[in-house]
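The values are calculated or read from the model by the stated rules, or taken from the named source; none is laboratory data. Because the structure is predicted, anything quoted here is derived from the model rather than measured. We place every Cβ from the backbone using ideal geometry, glycine too, and count neighbours over all the protein chains shown. Surface accessibility is based on the protein's heavy atoms, side chains included, excluding ligands, DNA and RNA. Shrake-Rupley method; radii C 1.70, N 1.55, O 1.52, S 1.80 Å.
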Amino acid sequence: MELQNSSTDAANIFQSLSKTIDLAKELVSRCQKRAEVRSAIEQLEGVIKHIGEDLGSIPPSTYGNQESLEIAVTSLSKEMKSVHIKVTQISQTQLPEKNELEPQTETDLYSISSEDYIESVQSSGIARLNQVEQFGSINRKGKWSQRHGSSRSSTNFPQVTQYMEPQYETFFCPLTKSIMDDPVTIESGVTYERKAITEWYEKFESPVDAVCPQTGQKLEKRASSTNTALKATIEEWKERNEMARIKVDRAALSQASSESMVFEALKDLQIICHKKHNNKLLIRSMDMLPLIGKFLEYKDRNVRCATLELLLLLAEDDDEGKEMVAMSVNMPIIIRMLSNNHQPVKHTSLLLLLELSRSQSLCEKIGSVTGGILILIAMKYRETSDAFASDKADEILRNLEGSPDNIKRMADNGLMEPLLNHLIEGSEEIKMEMASYLGEISLGDDSQIQVAERASPSLIKMVQDGNSLTTKAAFKALKKISSHYPNSKVLVEAGMVEVMTEELFTRKIYNEQMNSKKEAAAILANVLESGLDLESIQVNLRGHTIASDYIVYNIIYLLKKSTLDELNINLIRALLCLTKSQEVSATIVSVVKETEASYNLMELINNANEELEVSAVKLLIKLSPYIGHTLVERLCKTRGQPESLIQSPTETTRITEKQAVSTNFLANLPHKSLTLNLALLNKNLVPAVLEIIIQMQRSGVRTSRYANYYFEGLVGILVRFTATLYDHQVLLLARNNNFTSLFTELLTKTSSDEVQMLSAIGLENLSTQSISLSKPPKVKKPNYIKWSFLPKCGSSVSSKHKSTPLCPVHRGACSSQDTFCLLDANAVERLSACLDHENVEVVRAALSAICTLLDNNVDVEKSVNILNGLNTIQFVLNAVREHKHKDLLQKSFWVIERFLMQGGERTVSDISQDGSLHAALVSAFHHGDGSTRQMAENILGYLNKMPNSSTNYATGSTRQMAVIML
């Protein structure tokens, strides 16, 4: 493969290597056959050196970005070029079953044997020569004995051929036949392993019976002394041996030609690390960590697990090792392994992460990995599925608490305990930091109450006793907590309202870095918006509650004096909440009148801060039923008003809250205020309102959040003109824009109850004017002289006069546009349909509009006949059945009575068959007020359910006597 893509020089090198390796294989084969061993070995030495030269001549460009491979090959080349194989003369009787080759170098007793490395990689079928067993120790004969019973063999793993020289015989303990770790010399001059000779002495009951196990010499003393020179020599020998093994493992990891090779190398490095701490330092100093770290992404999970185990060993003991490991590995990969389905990989990655988290400097790096803390929190709470993982994840999280940013990340991911613990128990600086975090993060609904219960006492104390920075952080946190309305009860019980009202009305410190009043007002408004009983919220020790006059006066006084937009917004929010109580509303109205705060509120609707403007208008809408005429006067005297309250949206889907509340403010002010109506008319605002209504009707679906509310305000503005039709300008406006047809159309072409109700009210107001506007057509007296000469013309005029229809109800010439006639506008059918509405307000407004057609000033009999033809009475009876509201019942009874008086026997029969009407009449007769009871009695009389001296209910005079005008 390399030859196909290499340059000419590289191709020559690889061809030379291939030939040399084939020759090396042949020489090794000769050695295995025990033929001409000495000659073969001498030739093999030359072949190895030749391979080293070829390796050393490979151009650096051949390796590309594989720096670790270049280092491994260069190191291998150097060692192969300096190889020297020495053969010891062995008698035929001493030969083992297979030849034992002992390769050595003059400078490094245990360097990598290049021929074994290449041979093992490329000739997997060749038997090993004196293979080094990875889990064993060297015995007396110079072979590795297996301690752990491992039978693993890998023909792909680089082999090191060890050949022990005679001078190293002293390394072995005569008793254990193994290399000594702690050699001691006894009285006989023989050196043993300390533990082995101690156990030997214990075999003798009497000290005088002890003998040297090697010489048999009787020992007078059991004293022994450490053979320092030998111990140092052995240690040096071991170090050289371990260095050689590390080099082999590094070469294997660089090559990584098979999974088994990589796995064996990683396991061998683990064994080397277990032997002593210096080996870990050696591996780290050889810059092997980046190479090892790459195998975290290896496809074989056993290799990944072995890599994690080795990194764990290298990270132990000191912070330097932890930091080196953390710098060399990809931390997100380790975090990702926490979700691995293979339990050994998951558990080992947890152990590595736990070890790294013990370094304070690494806590931030671990916590900053995206999703890492979330995964650990999830594992912590899965104790039933994996107790080990749960326990280790909990330990890691506790270690990560050393970083304040990690505490915030934990809180962001639902683990609030660390933040709360530090907020309660930490130093003042930590408390301030935790309170600041608490004010920033988004809390889940499941943790809101817990946070409020644990944090509020500490936060309130920080507000009272802390410095300006601490107080600011505490206010920020309390504002966040109070925004979740279910927390309000906890905060009130903790005494927060008392502290906030003191901040608002009592504290006079102005040299702080923050204005605490705006924060206190926001928190107080949040609590009030939660819907708690106002009378139950105590604000001070003097017995004042949040609904007391004391609070109202202070809030309005502060609103007049404040120049801070945010403070004013929160004060208005508090007042809006207080208006929910009728008693407090009366107090607010009284205070507003006394202090002339209406001027301040009216000025706020011109404020540049849109949120403040919206809040002010909302409060004015609440006050308009009580001081509407006063507000009209203030509004018309305010610069730029009322025209600025009507703003055309750029798109019907982008209607703002400001536009919606502004139009509704105008719609809610007293409709009979001619001053405001003329101001709107003279500012030419009505055409703009009509244009927007038509545009919104055409657009159909209104996706904006405030679209319906805005549309209701626009219709309400038009309706207000119908209350002042006595003014010529207003009357002309209604006629020119055909208000009757417009409101009739709105009755059914809307999904808003409010618009339907307003449209019905507008039709009622217009219809009340019909009787005065509907006049018989003026007939000019015929000019007989002219007619005698122009008979045809006279006939034509007479014919034209006869074709002019008269309204049967209003007795004159009617039209929907000029006289606002409901019949001409076909509005009755739509009003009757509204009587089936589930909203009682819509039903009442529609019924009131129909009542205008039964007034004494119209032809009631003809009107009843027309309404009967439209089945209106059935709609009225249905309304009585569905709604029990007092005002609605009175209007319904009045209409029913008119139908009974003028509708004839058939109408009486139809009404009498409605059983639910009888029940409603009986109930009204027993429990209604005077007028309702009288109407119920009259209707029962018409239905022959009450005794009456007169039985003829069909005569017109009797009917007229029964009429009760409302």
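Tabulated data for the structure shown
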read-out	value
Flag for T233 being in contact with a helix residue (DSSP H, G or I) (Cβ under 9 Å, 6 or more places away or on another chain), exposed (fewer than 14 other Cβ atoms within 10 Å of the Cβ), β-branched (V, I, T) and closer than 30 Å to H277 by Cβ	no
Residue match in the stretch 238-256 (condition: small (G, A, S) and either open to solvent by 50 Å² or more (accessible area, probe 1.4 Å) or closer than 28 Å to L376 by Cα (or both))	no
Residue among V860, V864, V880 that is more than 30 Å from S772 (Cβ to Cβ), in contact (Cβ under 8 Å) with a residue 40 or more places away in the chain and hydrophobic (A, V, I, L, M, F, W, C)	V880
Index of the failed condition, F875 passing every other in (1) open to solvent by less than 20 Å² (accessible area, probe 1.4 Å); (2) in a helix (DSSP H, G or I)	(1)
Test: residue in the stretch 266-282 that is among the aliphatic types (A, V, I, L, M), within 17 Å of E320 (Cα to Cα) and open to solvent by 10 Å² or more (accessible area, probe 1.4 Å)	yes
Qualifying residues in the stretch 691-701 (those that are open to solvent by 70 Å² or more (accessible area, probe 1.4 Å) and in contact (Cβ under 8 Å) with a residue 12 or more places away in the chain) - the one nearest to the chain's Cα centre (by Cα)	Q695
Test result for K886, closer than 19 Å to F925 by Cβ and open to solvent by 40 Å² or more (accessible area, probe 1.4 Å)	yes
Residue satisfying condition, being in a loop (DSSP other than H, G, I, E, B), at pLDDT below 85 and surrounded by fewer than 16 Cβ atoms within 10 Å (Cβ to Cβ), within set G142, G149	G149
Hey, A849 modelled with pLDDT of 90 or more, open to solvent by 50 Å² or more (accessible area, probe 1.4 Å) and within 30 Å of D753 (Cα to Cα) or not	no
Qualifying position, being over 30 Å from K267 (Cβ atoms) and modelled with pLDDT of 85 or more, among S178, S224	S224
Cβ-Cβ under 8 Å pairs, at least 6 apart or on other chains, the stretch 894-922 side touching a residue at least 12 places away in the same chain (Cβ under 8 Å), far side exposed (fewer than 13 other Cβ atoms within 10 Å of the Cβ) and part of a helix (DSSP H, G or I)	M901/Q960
Counted residues, the stretch 388-404 - those being free of Cβ contacts under 8 Å to residues at least 40 places away in the same chain and open to solvent by less than 60 Å² (accessible area, probe 1.4 Å)	5
Single residue of the stretch 635-690 satisfying the filter (small (G, A, S) and in contact (Cβ under 8 Å) with a residue 40 or more places away in the chain) that is most open to solvent (accessible area, probe 1.4 Å)	S648
Only listed residue being under 23 Å from H484 (Cβ atoms), under 38 Å from the mean Cα position of the chain (by Cα), modelled with pLDDT of 90 or more and of a type outside the set (A, V, I, L, M, F, W, C), chosen from N526, N609, N568	N526
Wholly within the stretch 718-816, helices (runs of 4 or more DSSP H) carrying at least 1 residues that are modelled with pLDDT of 80 or more, small (G, A, S) and open to solvent by less than 70 Å² (accessible area, probe 1.4 Å)	728-736, 739-748, 753-768, 770-773
Boolean, D855 is open to solvent by 50 Å² or more (accessible area, probe 1.4 Å) and assigned to a helix (DSSP H, G or I)	no
Identity of the residue in the stretch 198-208, open to solvent by less than 70 Å² (accessible area, probe 1.4 Å) and not in a helix (DSSP H, G or I), that ends up farthest from T170 (Cα to Cα)	S206
Every residue from the stretch 334-367 that is touching a residue at least 40 places away in the same chain (Cβ under 8 Å), surrounded by fewer than 18 Cβ atoms within 10 Å (Cβ to Cβ) and farther than 25 Å from D300 by Cβ	R358, Q360, S361, E364
Residue tally, condition outside any helix (DSSP H, G or I) and within 21 Å of K81 (Cα to Cα), over the stretch 51-65	3
Per-region count, the stretch 209-232, residues part of a helix (DSSP H, G or I) and either free of Cβ contacts under 8 Å to residues at least 12 places away in the same chain or touching a Cys at 6+ places or on another chain (Cβ under 8 Å) (or both)	4
Residue among A229, A252 that is in contact with a Phe, Trp or Tyr (Cβ under 9 Å, 6 or more places away or on another chain) and hydrophobic (A, V, I, L, M, F, W, C)	A252
Selection within the stretch 355-390 - within 27 Å of the chain's Cα centre (by Cα), of a type in the set (D, E) and farther than 18 Å from A326 by Cβ	E383
Residue check for F893: aromatic (F, W, Y), crowded, with 21+ Cβ neighbours inside 10 Å, closer than 21 Å to D855 by Cα and over 60 Å from the mean Cα position of the chain (by Cα)	no
